[in-house]
Structures are given as structure tokens and as C-alpha cells.
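Okay, so here's the structure we're looking at.
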Amino acid sequence: MQWRRRELAMLPAVALLAACAGNGEGLDENGRPLGESDGIGAFEPTIESIQDHVFTPICAECHVGAGAPQGLVLSDAQTSYDNLVGVMSSEVPAYYRVLPGDPDASYLVHKIEGTQTVGNRMPNGCPGTQPCLDTDTIATIRQWIADGAAPPAP
């Protein structure tokens with residue numbers, strides 16, 4: 001009976017995999033059916049939400065593991081927080097990566113807005129091979145910093 005329950009529980013995953021075949025018609029840019037929620041909720045000015053909506057799907061492509069640029073690993077909300085908030089930028093040591101309460105003095109904001117004086121605008125390749133973050137996304141990150149750059153909830 002226990003085996004049967006697990007088999008039945010797997011049916012939605014099997015159906016989803018079967019639905020993946022085809023030309024992508026009816027799917028959004030993330031491969032999810034149009035109109036289906038991404039399961040991560042509304043984008044809010046919290047480190048968890050920024051992690052889910054920006055760092056994991058966009059930044060963690062490069063910012064993972066020992067080879068992460070500038071040692072900036074953005075693999076999960078706590079690691080991202082620890083590597084950003086109150087940490088001096090290695091590219092421009094006059095700036096903190098994130099200075100709580102002051103987005104204009106936070107190097108992360110300069111990198112995503114394209115106002116940095118060193119290195120590339122982030123995400124790397126924007127504009128060009130990769131789209132830049134939109135103004136609403138940047139505004140949400142700025143708001144998290146302006147609100148004091150709170151750590152992840154315990």
C-alpha cells in the first residue's frame with residue numbers, strides 16, 4: 001500500500017515531464033505553462049524574495065562555488081546576505097556591496113544600474129547577450145536596502 005501511494009504521488013511529475021515535449025507553445029520564458037504561478041510568490045523587498053526572483057534564476061548562473069566572481073557567492077538567501085551586507089566591495093573598496101539604509105552608497109546598486117566605474121554591469125552581458133534587470137526589479141532591491149537590508153527570517 002505504501003508503494004502505491006508513492007507511485008500515485010509521482011503522477012503529476014510524470015504528467016509534467018510528458019508535457020515538456022514539443023515546441024514550447026503555451027509556455028512562458030521559464031518553461032512554465034502560461035498563467036501558472038512560479039510558486040515563489042510576489043516579488044517583495046526581502047532578501048528571500050530577491051534570492052528567489054533575482055539571485056537564484058539570474059545571478060547564481062555565475063555567482064556559485066569557489067570560482068564565483070570577486071568571491072561573491074549568491075547560492076541561497078543566507079549566503080547572499082552574508083556576502084553582500086556590510087562587506088566591502090573587492091572591485092571598489094570605497095563601497096560596501098550593500099550598505100544598509102543607503103542604496104546609493106551600495107555597490108550592488110551601481111552594478112545593476114550600470115553606474116559602476118569598474119567592471120561590467122550586472123547581470124554580465126547586459127545589455128546585449130543578456131537582458132538587464134528591469135526598473136521594477138532594481139527598485140525592489142533598492143527598497144530592501146533602504147529599509148535596512150534585513151537578514152533572512154530564521
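The values are calculated or read from the model by the stated rules, or taken from the named source; none is laboratory data. Quick caveat, the model's predicted, so the values are computed rather than measured. Note that we place each Cβ from the backbone using ideal geometry, even for glycine, and neighbour counts take in every protein chain shown.
Couple of notes before you dig in:
- Pairing residues of region 125-154 that are without any contact (Cβ under 8 Å) to a residue 40 or more places away in the chain and more than 16 Å from HIS110 (Cβ to Cβ) with residues that are of a type outside the set (Ser, Thr, Tyr) and outside any loop (DSSP other than H, G, I, E, B), at Cβ distances under 8 Å and at least 6 apart in sequence or on separate chains, gives no pairs at all.
- Close pairs (7 angstrom Cβ cut-off, 6 or more residues apart or separate chains): free of Cβ contacts under 8 Å to residues at least 40 places away in the same chain and closer than 23 Å to THR46 by Cβ in region 62-83, surrounded by 15 or more Cβ atoms within 10 Å (Cβ to Cβ) and of a type in the set (Ser, Thr, Tyr) anywhere: VAL64/SER75; VAL73/THR79; LEU74/SER80
- Selected residue (only one of VAL64, VAL54 is among the hydrophobic types (A, V, I, L, M, F, W, C), modelled with pLDDT of 95 or more and either part of a loop (DSSP other than H, G, I, E, B) or crowded, with 16+ Cβ neighbours inside 10 Å (or both)): VAL54
- Selection count where residues are modelled with pLDDT of 95 or more, among the charged types (D, E, K, R) and out of contact with any His (no Cβ under 9 Å at 6 or more places or on another chain), scope region 67-107: 4
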